[in-house]
Amino acid sequence: MAKFQIYQDKKKQFRWRLLADNNQIIATGEGYTSKAGCKNGIESVKKNAPKADIEDQT
């Protein structure tokens, strides 16, 4: 099952990454100054991604 991971980068900002079933990183988020902000970012992706269109710019 896919999962979100929260971690801190070298600048001590909170970031998230989405891992596939095979633990491959399939998406990453921006840096946040708080863990709460990072969790809000995850919730936004969960809420909005199923509705996202695909924009092919090739």
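Just so you know, all these numbers are worked out from the coordinates, no wet-lab data involved. What you are looking at is a predicted structure, and each value in this text was computed from that prediction instead of being measured. Reconstructed Cβ throughout: ideal geometry from the backbone, glycine too, with neighbour counts over all protein chains shown.
Which value does Rg/Rh take for the chain over its C-alpha atoms, Rh per Kirkwood?
Here Rg/Rh amounts to 1.02.
Add +1 for every Lys or Arg and -1 for every Asp or Glu among the other residues with Cβ under 12 Å from the Cβ of Gln13, and state the total. Provide the component values of the computation, followed by the final result.
Values: positive: Lys10, Lys11, Lys12, Arg15, Lys35; negative: Asp9, Glu30.
Spelling it out: positives minus negatives among the neighbours equals +3.
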